[in-house]
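What follows is a single structure, written as structure tokens, with notes after it.
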Amino acid sequence: TEKRPRWRWLIWDMDHSFFDLKAQSQNLERENWEQEGFRLVYSSHGTNCDRHVLFSRLINESSEYRSYFINIVSEILNHKLNREFLLSRVEYYQKMLGNYGDPRADYIIMLKKYMDNRSMFLRQEMLKELNLKKIFSCKIKNLSRSPIKVDGYIYYKDFTGSYFKGQKVIVDLDKNSKKNFLYWLVNGQRIANHHFEFIIEEDTTIQAVYKN
């Protein structure tokens, strides 16, 4: 009934998110975090499921959607489901299991390995399947612990993220950090503006330098 209807929800079953059913049933020798992720929903591999076909057509036929998808995945993995957050959830459930007298040490070890490796595995899948060029790291040293912004997200500690070649990285200072700011060091080069954006073309290290 809408003039421009939009698909608002995507619901899926997460039963096997951390259990590699295919490896168990086919006796595959691989780590839990190496099970298919992106490839599982990208229909270039023979699946005829409607949602896979729709997703694949959007990726292949709409440059706008393709760019949106790549950027939103990077945003989520860098700033929301990042390593610090994921390991904090594992620690929470480890404590909860201990309180219930069922520590399940082997399962916790598996989960930690999964959280440590899964995001880069997914990026590598996208790199191959979408013919992207390379993955670069962006590290921002925040020695002063003053609030900085990366892609609009505030950090009080160091930041480490991964981006596909050609993606934009946005760096800024929170309003409370600008008073004593001198410049950024970006791979050794000075940038005086507190706000700057760049297209990542190599591994990049950034540091904010302040007055003493």
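The values are calculated or read from the model by the stated rules, or taken from the named source; none is laboratory data. Since we're looking at a predicted model, the values are computed, not measured. Note that each Cβ is placed from the backbone with ideal geometry, even for glycine, and that neighbours are counted across all protein chains shown. With ligands, DNA and RNA removed, areas are computed over all heavy atoms of the protein, side chains included. Shrake-Rupley method; radii C 1.70, N 1.55, O 1.52, S 1.80 Å.
Points worth noting:
- Ser162 vs. criteria over 30 Å from Phe69 (Cβ atoms), touching a residue at least 40 places away in the same chain (Cβ under 8 Å) and not aliphatic (A, V, I, L, M): no
- If you go through region 138-153 and pick out every residue that is open to solvent by 30 Å² or more (accessible area, probe 1.4 Å) and closer than 19 Å to Thr204 by Cα, you end up with 7.
- Any chance Glu201 is open to solvent by 90 Å² or more (accessible area, probe 1.4 Å), assigned to a loop (DSSP other than H, G, I, E, B) and either among the hydroxyl-bearing types (Ser, Thr, Tyr) or more than 30 Å from Glu91 (Cβ to Cβ) (or both): yes
- Residues of region 74-125 satisfying the condition of being open to solvent by 80 Å² or more (accessible area, probe 1.4 Å) and aromatic (Phe, Trp, Tyr): Phe85, Tyr92, Tyr93, Tyr100, Tyr107
- In region 13-55, residue modelled with the highest pLDDT [restricted to those that are open to solvent by less than 90 Å² (accessible area, probe 1.4 Å), within 24 Å of Met115 (Cα to Cα) and aliphatic (A, V, I, L, M)]: Leu28
- Members of region 174-198 that are open to solvent by 80 Å² or more (accessible area, probe 1.4 Å) and polar (S, T, N, Q): Asn176, Gln189, Asn193
- Checking Tyr163 against (1) in contact with a helix residue (DSSP H, G or I) (Cβ under 8 Å, 6 or more places away or on another chain); (2) under 24 Å from Ala208 (Cα atoms); (3) among the hydroxyl-bearing types (Ser, Thr, Tyr); (4) at pLDDT below 95, the condition it does not meet: (4)
- Number of the exception - Phe164 against (1) under 18 Å from Gln207 (Cβ atoms); (2) aromatic (Phe, Trp, Tyr); (3) surrounded by 15 or more Cβ atoms within 10 Å (Cβ to Cβ): (1)
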